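The values are calculated or read from the model by the stated rules, or taken from the named source; none is laboratory data. Being a predicted model, the structure only gives us computed values, none of them experimental. Neighbour counts run over all protein chains shown; Cβ positions are idealised from the backbone, glycine included. All accessible areas refer to the heavy atoms of the entire protein, side chains included, with ligands and DNA or RNA removed. Shrake-Rupley method; radii C 1.70, N 1.55, O 1.52, S 1.80 Å.
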Amino acid sequence: MDIKERARARVEEIGALPVYRDRHLTLLTDLYQLTMMYGHFRAGRHETRVVFDLFYRKNPCGNGYVIAAGLEQVVWYIYNLAFSEDDLAYLRSLGMFSEDFLSYLRHFRFRGDVYAVPEGTVVFPNEPLLRVEGPIAEVQLIESAVLAFINHQSLIATKARRIVEAARTNVRHPGSTVIEMGLRRSQNADAAIFGARAAFIGGCVATSNVLAAQSYHIPVAGTQAHSWIQSFPSEYEAFQAYRAAFPDNTVLLVDTYDVLKSGVPNAIRVGLEMKAAGQSLKAIRIDSGDLAYLSKRARQMLNDAGLADVQIIASSDLDEYTIRDLLTQGAEIDAWGVGTRLITSEDCPSLGCVYKLVAQQFGDRMEPRIKISENPNKITNPGKKKVLRLYVNGSATADLIALDDEVYDPSEPLELFHPIHTYKRKVVQNYEMEELLRPVFVGGELVYELPTVHEIQARVEEQLAAFSSEVRRHLNPHEYHVDLSKPLWDLKQRLLHEWRR
């Protein structure tokens with residue numbers, strides 16, 4: 001099969017997953033997308049070719065970067081984009097659209113081009129994560145849904161990465177891992193399923209969400225609730241029953257009554273019985289209380305009982321800040337179950353991606369367009385663009401946002417300058433250059449074979465390995481250089497001066 005056949009086969013395979021099967025999201029859009037489409041149609045300009053960029057302006061959570069995610073959902077949505085008769089009947093009932101427009105929608109298919117950074121790519125403010133080109137009616141329609149998909153999954157993947165890296169600072173337990181456990185606290189089903197997917201991309205090793213695990217072949221993890229313990233005459237009997245049910249994966253929740261006086265002693269009793277029977281207690285879980293103090297005491301008790309191999313799992317409203325604090329206090333924790341603050345990205349619940357017109361066809365020319373604002377951060381970078389990443393000796397040194405037709409020779413020195421403080425300059429030599437935007441749809445035809453979530457997770461690791469620890473640190477990260485090329489900077493200044501005149 002060629003790439004187009006493989007791409008179609010892969011998206012059909014994804015479409016059969018429970019999270020996508022029998023779903024129809026064409027009307028997942030804001031009404032003004034449809035009113036603008038109709039206005040263009042009435043004016044006879046709905047076929048005018050345009051270019052839009054999807055990007056964000058500020059890194060979330062105080063982070064130094066974002067992990068791009070959500071492209072799979074974008075591809076599935078565009079690939080299946082079509083107005084059903086039910087859709088058309090509903091739009092007709094609004095009394096806003098003419099029959100000839102509804103007839104146009106009946107035959108609607110996306111015919112544009114989409115270029116995107118692959119999922120798992122490390123990205124920075126103002127860089128196009130998607131570049132969409134095509135007839136304005138088509139390019140306009142997809143804005144709302146595409147923003148929803150990219151905003152959500154990129155945010156959760158980035159938040160998960162912060163939590164995972166906090167857990168990896170565990171010098172006592174260098175293999176410390178994070179399990180996503182946020183289903184019950186998520187903002188409904190899609191946020192839970194696609195949030196679990198994004199969390200795995202960010203580095204979580206498993207999820208408690210069975211549907212997400214089934215759909216994406218993510219390892220699934222879970223133990224028991226306090227209600228399980230309470231439903232038995234005694235904690236010891238509850239532990240015994242769970243051991244009988246899962247002798248090869250016995251994890252016991254020890255904080256239902258009293259961690260140190262009841263939970264851990266009963267877990268040790270069961271653990272020793274299992275050891276005598278040639279089995280092994282896998283772990284205990286502490287879900288409340290002073291996790292640093294309790295984990296240290298529990299570790300000592302387990303060690304003294306000859307159960308040094310039993311792991312300690314902690315949960316209870318954890319995030320990267322709590323985990324780092326616990327580790328500085330010497331917490332003896334091997335794995336972390338993180339729920340609410342991960343699946344909702346509680347401290348930074350939005351990424352703020354935007355979708356802006358940057359070029360429009362006039363006659364036979366594609367002319368750059370710019371959005372002006374009194375807020376300098378909201379002035380857009382005009383024109384059809386690409387994103388180039390420069391590597392020196394394998395390390396990411398800077399990103400360059402350039403016009404799409406620019407050509408660079410890595411054998412020649414390249415001077416970069418800050419797009420606002422232009423006196424800040426540096427020359428890069430002996431570099432390699434990677435173009436981040438890859439073709440996904442060309443002329444409405446899918447040309448990109450979607451990777452698996454495991455391949456995307458591996459890409460995150462490869463990407464971050466190319467960046468300095470200063471860029472990756474959580475607090476006050478070093479600002480990675482993202483510069484405009486000289487031709488793009490000149491174009492932007494020219495358009496600004498023309499507007500002033």
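For region 312-321, a residue qualifies if it is surrounded by fewer than 19 Cβ atoms within 10 Å (Cβ to Cβ) and at pLDDT 95 or above, and exactly one does: 321.
Checking each residue in region 329-375 for being among the β-branched types (Val, Ile, Thr), open to solvent by 20 Å² or more (accessible area, probe 1.4 Å) and farther than 19 Å from residue 148 by Cβ picks out 340, 370, 372. Residues of region 369-422 that are more than 16 Å from residue 494 (Cβ to Cβ) and among the hydroxyl-bearing types (Ser, Thr, Tyr): 373, 391, 395, 397, 408, 411. If the condition is being β-branched (Val, Ile, Thr) and either under 24 Å from residue 176 (Cβ atoms) or under 21 Å from the mean Cα position of the chain (by Cα) (or both), then region 205-253 contributes 205, 207, 210, 218, 220, 223, 250, 251. Note on region 42-59: among residues that are out of contact with any Pro (no Cβ under 8 Å at 6 or more places or on another chain) and surrounded by fewer than 19 Cβ atoms within 10 Å (Cβ to Cβ), the one that is nearest to residue 351 (Cα to Cα) is 45.
The residues in region 155-176 that are under 16 Å from residue 197 (Cα atoms) and either of a type in the set (Asp, Glu) or in a loop (DSSP other than H, G, I, E, B) (or both) can be counted, and the count is 0.
Within region 274-292, the residues that satisfy the criterion of being out of contact with any strand residue (DSSP E or B) (no Cβ under 6 Å at 6 or more places or on another chain) and touching a residue at least 24 places away in the same chain (Cβ under 8 Å) are 274, 275, 279, 280, 281, 287, 288, 289, 292.
Among the residues of region 102-160, just one is of a type in the set (Lys, Arg), within 15 Å of residue 52 (Cα to Cα) and within 20 Å of the chain's Cα centre (by Cα), namely 131.
Considering 476, 430, the condition of being in contact with a helix residue (DSSP H, G or I) (Cβ under 9 Å, 6 or more places away or on another chain), surrounded by fewer than 17 Cβ atoms within 10 Å (Cβ to Cβ) and over 30 Å from residue 369 (Cα atoms) is satisfied by 476 alone. One residue stands out among those in region 263-304 that are surrounded by fewer than 17 Cβ atoms within 10 Å (Cβ to Cβ) and among the polar types (S, T, N, Q): the one that is nearest to residue 181 (Cα to Cα), which is 288.
Scanning region 445-457 for residues that are at pLDDT 95 or above, among the hydrophobic types (A, V, I, L, M, F, W, C) and over 30 Å from residue 206 (Cβ atoms) turns up at least one hit.
Of the residues screened, residue 198 is one that is out of contact with any Ser or Thr (no Cβ under 7 Å at 6 or more places or on another chain), modelled with pLDDT of 95 or more, closer than 23 Å to residue 465 by Cα and small (Gly, Ala, Ser).
Residue 378 - would you say it is open to solvent by 20 Å² or more (accessible area, probe 1.4 Å) and in contact with a strand residue (DSSP E or B) (Cβ under 6 Å, 6 or more places away or on another chain)? In short, no.
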